[in-house]
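Please treat every number below as a calculation from the coordinates, not as lab data. Keep in mind that what you see is a predicted model, and the values were worked out from it rather than measured.
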Amino acid sequence: MSLTDEASHSLVGVIKMPDQAQSPVRAIVKRVIGASAALLLAVLIVYLDREGYRDVNGDGVSLLDSFYYATVSLSTTGYGDITPASSSARLVNVLVITPLRVLFLIVLVGTTLEVLTERSRQALRIQKWRRVVRDHVVVVGYGTKGRSAVAALLGDGVEPGSIVVVDTVQESLDAASAIGLVTVHGSGTRNDVLRVAGAARARAIVVAPNRDDTAVLVTLTARELAPKAQIVASVRERENEHLLKQSGADSVVVSSETAGRLLGMATATPSVVAMVEDLLTPDAGLAIAERDVEASEIGGSPRHLSDIVLGVVRGKTLYRVDAPEADAIEPGDRLLYVKKVTPPGGE
């Protein structure tokens, strides 16, 4: 049976929805404080009405005896050596001590109850998410390249909840979940795993595994599921670039060559490398962006605009700003330009 045939309860261990979970230490401290408060209240009630209690020793009920009775009563141990004898003490036990005993047990077993209910809660959230998810971004592989791709997406204003990370390494998935991303545990080469990630309704799929052969298989699978999605793939070696394009990738980034060119440039013109790094960093300085043309810009030259235009995107074709096809802006064009990014909290 494939993953897509499984019920939402069966996918709890596969899909993980992001949570704003509180610190485990804080949760434990809150439970300890709650249990201690219930215990102290019981001790106070018993001590104030100590004349209504009978101790088998016959020497009365002290403060220590009150602590002892409250502890064994709330934990439901009940040795019977200290018992309520008067009518008022028995009435207080019925109306106050018993509810405190229930509260005390709920607080103590709160962690167990939370674990039991968390699975059902996750199942409901997964079911709702699978029903409404669309136009999201699927990132296959959350290694160095995948993390950088996600950082760029977040820097461009993409909501964390609309990014789905697919990986087989649990540590990577935990890191993705910690920043609010939806995660799917499994191999991106499997059709059912990508279906669970909603690849068929994604607007873009980023293929960033560590191996070139894996990238080819993921791209083939993704293109079969999502014929209209924008697929961007990373490959280590230039000789494998054509395999990615033949497999259905719209864009291919050769990581080894790109890094090598930057290394070579840095030896002679380090300032150029610094500028490229600035352009590739989406949250500060300058960044490369794309926008729709305005009505007033149609018919004009992109070189005469106030923005620094690098190219014109017409359909699925990019024309450099100095190309003859980019001399005049047409309706439906998009402009690739350099924009100034204001960092958070900046002016």
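Quick notes
- Overall shape of the range 250-345 was characterised from the C-alpha gyration tensor. The equivalent ellipsoid obtained from it has semi-axes of 27, 17, 13 Å, in decreasing order.
- Value of [θ]222 nm, deg cm²/dmol, for the chain, DSSP H segments ≥ 4, -39500 (n - 2.57) each, nearest 500: -13500 deg cm²/dmol
- Euclidean distance between Cα centres, the range 42-90 to the range 246-277, Å: 77
- Value of relative contact order over the range 24-110, rounded to a whole percent, pairs C-alpha under 8 Å and six or more apart: 38
- Once C-alpha pairs closer than 8 Å and six or more residues apart are averaged by separation and normalised to the residue number of the range 284-341, the relative contact order reads 52 percent.
- Most simply put, the chain has about 50% antiparallel DSSP beta bridges, counting only bridges with both residues inside it.
- The radius of gyration of the Cα set in the chain, together with its Dmax, comes out at 31.6, 107 angstrom.
- Relative contact order %, the chain, counting alpha carbon pairs below 8 Å whose residues are six or more apart: 12
- For the range 195-278, dividing the convex hull volume of the Cα atoms by the residue count gives 100 Å³ per residue.
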